[in-house]
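The values are calculated or read from the model by the stated rules, or taken from the named source; none is laboratory data. In this text, all values refer to a predicted model and were calculated from it rather than measured experimentally. Cβ sites come from the backbone with ideal geometry, for glycine too, and all protein chains shown count toward neighbours.
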């Protein structure tokens, strides 16, 4: 092209990097990735590594800088792709000039990640060649085509993720449970592929449930296990309260499995969150051998709910029931007859002499502002009064058992009349209707899509009826279980003919519902099952 007479052309100089490229071999690396560990893809992985090694060595202007390969890793995120991240660090150290990759989808299935890394590599003077798309980022004037290919790869990943999620949910509907034995104490994978109980670990689970029902806190249970040297599921020697709590809440120990307790928000971030009702959950009953019987498991769930529902102490209004305490049984049971506030164990130190007393928390915190006349009760005469009431309770055990049994039977009859039988009959009809529709689909008489609405209606109806049935049976069970527990204790006492002389916190928790302070010398004791008695407290 001709120039103006007064214009002189000054040729561009070759940069130092270009001179090095002209007189030195390019340091070339290759990146390979496969997303699963299937045998076919493992072969593909080996083929890719061998192909790029030969391809780079055959070019005299290139020098092999390394083959970086991630096996069995998703391309939607770079966090766990160790080989990829190592390659990027080498580029930042100026040890790589060119990267070869089979396609944009192998480099990254996340559009944002792909563009960010390409821009960063270009700023470092490192080019990337995508063989399938025939794109060389060093000659690329626009990112438009690369953006398109990256978007296609991301869309493909999103489509695959949706299909996989749908397949998993269909498995949930059919009751297929995927067990994670690695984080599951008490079970291992059996020879038939199904869970089998590990006897030694099952004893640990039973001990945890037993101690919790005895009134112990989760922290105390963890301390007991640590003192016994019991190993955790991961092989560690330190038990924590939250680990004990998770075991107590795990329905799998009762033989059930609650599916979709967590879900992944999207296939890009892979963030897993707890399902708090945003997704449908599926409860599969009796799908594997149980370590804890259902009655005990239900009692533990009621106890965890009771402890969790305790209200904190208010500074502005009357003192309310506070945090659960497992140290002393009466902290849970003893309340003020005037204001209804719990009592607290207090140590008095008078002239160097320590005395244990129980006092209303409202009086301790607010004086007589809300509670005018609550008495202070000394611990020793209080314990003697409670033991006396329990021993009297044993003496009239036959009469008490008859009253409790009659009350329980009346409750069960009332609940039966309130619809338990009808609900169970309807649930059986729903199961039969579902099986009939499945048979129609299998035989080819109708298409699966045509019955989706009917399946959905039956599922929601079954879920609602199941919740109602659980509530009714829980009411029936609570009354019957109380009677059974007391009957067991009474039978033991009948055979042994023992009289209690020492105050036992565990036994007191199991027998008593409440201890109400009437005045300085009288308390009202309410046993589980409804039996009440007034007892005199000796003066100190």
Query raised in the report: Restricting attention to the range 184-191, does a residue exist that is touching a helix residue (DSSP H, G or I) at 6+ places or on another chain (Cβ under 9 Å), on the phi > 0 side of the Ramachandran plot, touching a residue at least 60 places away in the same chain (Cβ under 8 Å) and outside any helix (DSSP H, G or I)?
Result: yes
Query raised in the report: Which of (1) under 12 Å from residue 248 (Cβ atoms); (2) loosely packed, with under 15 Cβ neighbours inside 10 Å is the odd one out, the single condition residue 203 does not satisfy?
Result: (1)
Query raised in the report: Going by the conditions given, is residue 386 surrounded by 11 or more Cβ atoms within 10 Å (Cβ to Cβ) and either within 30 Å of residue 536 (Cα to Cα) or at pLDDT 65 or above (or both)?
Result: yes
Query raised in the report: What number of residues in the range 210-223 are free of Cβ contacts under 8 Å to residues at least 60 places away in the same chain and either in contact with a helix residue (DSSP H, G or I) (Cβ under 7 Å, 6 or more places away or on another chain) or outside the structural domain of residue 200 (by TED's automatic domain parsing) (or both)?
Result: 5
**Report entry** Subset of the range 224-249 [assigned to a helix (DSSP H, G or I) and surrounded by 15 or more Cβ atoms within 10 Å (Cβ to Cβ)]
**Finding:** 224, 225, 243, 244, 245, 247, 248
Query - Answer from 316, 307, 274 - the residue that is closer than 30 Å to residue 515 by Cβ and either loosely packed, with under 13 Cβ neighbours inside 10 Å or modelled with pLDDT under 75 (or both) - result: 316
Requested in this report: Run residue 258 past the list (1) part of a loop (DSSP other than H, G, I, E, B); (2) closer than 22 Å to residue 462 by Cβ and report the number of the one that doesn't hold.
Outcome: (1)
